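Engineer: Got a structure for you, written out below as structure tokens; questions coming shortly.
The numbers here are math on the coordinates, done by the rules we state, and not lab data. Model, not experiment: these values are computed from the prediction. With ideal geometry, Cβ positions are generated from the backbone for all residues, glycine too; neighbour counts draw on all protein chains shown.
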């Protein structure tokens with residue numbers, strides 16, 4: 001599974017780099033990514049940048065990818081608390097992205113996880129998770145009957161909370177097992 005994800009991230013990086021050349025936009029095209037692979041009774045994921053994957057079990061967050069951003073590094077070093085990331089002035093300063101030359105792959109891959117340990121996933125961009133907190137994600141998951149309903153309820157919250165801001169793009173995918 002990790003081989004598949006590794007090949008996927010490398011292919012995406014190569015596609016971005018090639019598009020930069022054909023569009024003469026070497027310094028303008030950068031992106032983040034998050035991916036989930038599910039095969040039989042196991043799952044694995046990968047990410048780069050500040051797009052996130054959340055894994056839920058029994059309506060609680062069991063795992064979350066760690067952003068490749070300045071604020072996340074400040075959290076890891078103990079300089080700020082986790083809840084300060086959303087409003088941090090450097091929240092859009094990324095340490096790893098697709099679209100720059102890599103000496104070695106810059107994405108991170110998880111190990112394999114048994115699907116019995118999770119019930120749902122949320123994969124989303126920073127423009128999405130910035131406007132909905134984790135407690136509310138869990139609350140809405142508990143209330144939802146399926147992945148579409150959960151996504152629609154969260155998206156309504158994101159749009160409401162972001163309405164007074166110049167919102168970044170916000171995208172998300174949900175999976176409920």
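Engineer: Scan the range 32-48 for residues that are part of a loop (DSSP other than H, G, I, E, B) and within 18 Å of residue 13 (Cα to Cα) and jot them down.
Structural biologist: Answer for the range 32-48, where residues must be part of a loop (DSSP other than H, G, I, E, B) and within 18 Å of residue 13 (Cα to Cα): just 32.
Engineer: Only one of 137, 167 is outside any helix (DSSP H, G or I) and touching a residue at least 40 places away in the same chain (Cβ under 8 Å); which?
Structural biologist: Going through 137, 167 in turn, the sole match is 167.
Engineer: Are any residues in the range 49-62 part of a strand (DSSP E or B) and touching a helix residue (DSSP H, G or I) at 6+ places or on another chain (Cβ under 9 Å), and if so, which ones?
Structural biologist: 52, 54, 55, 56, 57, 60, 61, 62
Engineer: May I ask you to list the residues in the range 163-175 that are surrounded by 17 or more Cβ atoms within 10 Å (Cβ to Cβ) and more than 20 Å from residue 94 (Cβ to Cβ)?
Structural biologist: 174, 175
Engineer: Sticking with this one: Scanning the range 126-139 for residues that are touching a strand residue (DSSP E or B) at 6+ places or on another chain (Cβ under 7 Å) and buried (at least 19 other Cβ atoms within 10 Å of the Cβ), which turns out farthest from residue 171 (Cα to Cα)?
Structural biologist: Among them, the one singled out is 137.
Engineer: For the range 140-158, name all the residues that are exposed (fewer than 15 other Cβ atoms within 10 Å of the Cβ), more than 18 Å from the chain's Cα centre (by Cα), in a helix (DSSP H, G or I) and free of Cβ contacts under 8 Å to residues at least 24 places away in the same chain.
Structural biologist: 143, 156
Engineer: Please state which one of 86, 96, 7 is touching a strand residue (DSSP E or B) at 6+ places or on another chain (Cβ under 6 Å), surrounded by fewer than 19 Cβ atoms within 10 Å (Cβ to Cβ) and not in a strand (DSSP E or B).
Structural biologist: From the options 86, 96, 7, the qualifying one is 96.
Engineer: Scan (1) in a helix (DSSP H, G or I); (2) free of Cβ contacts under 8 Å to residues at least 60 places away in the same chain; (3) within 19 Å of residue 101 (Cβ to Cβ) for the single condition residue 74 breaks and write down its number.
Structural biologist: Exception for residue 74: condition (3).
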